[in-house]
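The values are calculated or read from the model by the stated rules, or taken from the named source; none is laboratory data. If you're wondering where the values come from, they're calculated on a predicted model, not measured in any experiment. In this analysis, Cβ positions are derived from the backbone assuming ideal geometry, glycine residues included, and neighbour counts consider all displayed protein chains. Only protein heavy atoms, including side chains, enter the accessible area calculation; ligands, DNA and RNA are left aside. Shrake-Rupley method; radii C 1.70, N 1.55, O 1.52, S 1.80 Å.
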Amino acid sequence: MQAQPTLFVSHGAPTFAVEPGLAGPQLKALGERLQSPRAVLIVSPHWMTRSLSITASAHPQTIHDFGGFPAELYTLQYPVAGDPALAERIAALLRNAGYHADLDTERGLDHGAWVPMMHMFPEHQVPVLQLSLPMHISPEQTWALGQALAPLSQQGVLIVGSGSLTHNLYEFRQHGADEPYVKAFADWARQAVQTHDQNALVGYLEHAPQARRAHPTAEHYLPLLIAAGAAAPDAEVDVLDGGIAHGVLSMDSYVFNAPAVH
């Protein structure tokens, strides 16, 4: 089974589904470079639970978990397969690592999962499972969870942390010009990720410029720690420069141990 990289992707606003900007084509190109993942396991901040839960439906529904956006978005479907047997094995892996992990046969994929997958795998040819994000998890615990998931990469599973490199919803709704703090935070994150600076990434509130403005709440930042924790400490990092959407959403993504370009 071909080992897979791990990925952090900024999924931005739901409109990313129909407004690919700079980031969409880069995710599509990455999907074309990948060596046939067995499946994708994706963590999104839009499914938060008390303890870990894994989608175990053979055909997960497309969840339109947003409001006030153009009607076109509510007609989009991502009819991808799940993998109940793999969900069982992931749950067993997590339980062996000391976690409580449940299977959810009813849950579909929220927009933090299916929107970036529409760009990466537009033919929905790779099965997708989603892992919930615990409600009260700390940055340190999030990194450790990524480490617990790491063996899946060697089993052909593409681990994806889907969040947003910056995420201030109040400022998003103001539709202002590009905010300088967004670039400052993105530049800091890029340096920390490329140097595998675990202490800085976990302690971002103390180390990063304008961290509390970039992330008034942590849930869209934590998927980065899932991806970084799941990656090898010496993994090469490719940056997918997605630019800035709506003035306040950095759309950068990171690929740990990216496949070579042919």
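Values for this structure:
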{"item": "Count of residues meeting criterion [among the polar types (S, T, N, Q), buried (at least 19 other Cβ atoms within 10 Å of the Cβ) and out of contact with any Leu (no Cβ under 6 Å at 6 or more places or on another chain)] in the stretch 133-151", "result": "0"}
{"item": "Filter result for the condition that a residue is open to solvent by 10 Å² or more (accessible area, probe 1.4 Å) and small (Gly, Ala, Ser), over Ala192, Ala211, Ala227, Ala184", "result": "Ala184"}
{"item": "Checklist (1) touching a residue at least 24 places away in the same chain (Cβ under 8 Å); (2) touching a Phe, Trp or Tyr at 6+ places or on another chain (Cβ under 9 Å); (3) hydrophobic (A, V, I, L, M, F, W, C) applied to Ala200, failing item", "result": "(1)"}
{"item": "Failed criterion for Pro233 (all others in (1) surrounded by fewer than 23 Cβ atoms within 10 Å (Cβ to Cβ); (2) touching a helix residue (DSSP H, G or I) at 6+ places or on another chain (Cβ under 6 Å) hold)", "result": "(2)"}
{"item": "Counted residues, the stretch 108-143 - those being of a type in the set (A, V, I, L, M, F, W, C) and outside any strand (DSSP E or B)", "result": "11"}
{"item": "The stretch 65-88: number of residues that are surrounded by fewer than 18 Cβ atoms within 10 Å (Cβ to Cβ) and either aromatic (Phe, Trp, Tyr) or in a loop (DSSP other than H, G, I, E, B) (or both)", "result": "11"}
{"item": "Output for the stretch 1-35, where each listed residue is over 19 Å from His111 (Cβ atoms), open to solvent by less than 30 Å² (accessible area, probe 1.4 Å) and at pLDDT below 95", "result": "Leu34"}
{"item": "Every residue from the stretch 1-18 that is part of a loop (DSSP other than H, G, I, E, B) and within 15 Å of Asp252 (Cα to Cα)", "result": "His11, Gly12, Ala13"}
{"item": "Residues that are aliphatic (A, V, I, L, M), part of a loop (DSSP other than H, G, I, E, B) and either in contact with a Ser or Thr (Cβ under 7 Å, 6 or more places away or on another chain) or crowded, with 22+ Cβ neighbours inside 10 Å (or both), drawn from the stretch 45-64", "result": "Ala56"}
{"item": "Within the stretch 89-107, considering residues that are touching a residue at least 12 places away in the same chain (Cβ under 8 Å) and part of a helix (DSSP H, G or I), the one farthest from Pro151 (Cα to Cα)", "result": "Ala91"}
{"item": "Test: residue in the stretch 170-180 that is among the small types (Gly, Ala, Ser) and open to solvent by 10 Å² or more (accessible area, probe 1.4 Å)", "result": "yes"}
{"item": "The stretch 89-110 - residue that is within 15 Å of Val40 (Cβ to Cβ) and not charged (D, E, K, R) and, of those, surrounded by the fewest Cβ atoms within 10 Å (Cβ to Cβ)", "result": "Gly108"}
{"item": "Given (1) within 24 Å of Glu19 (Cα to Cα); (2) open to solvent by less than 40 Å² (accessible area, probe 1.4 Å), index of the condition Ile244 fails", "result": "(2)"}
{"item": "Filter result for Ser57 (hydroxyl-bearing (Ser, Thr, Tyr) and in contact with a Gly (Cβ under 6 Å, 6 or more places away or on another chain))", "result": "yes"}
{"item": "Any hit, the stretch 36-44, residues being open to solvent by 60 Å² or more (accessible area, probe 1.4 Å) and part of a loop (DSSP other than H, G, I, E, B)", "result": "yes"}
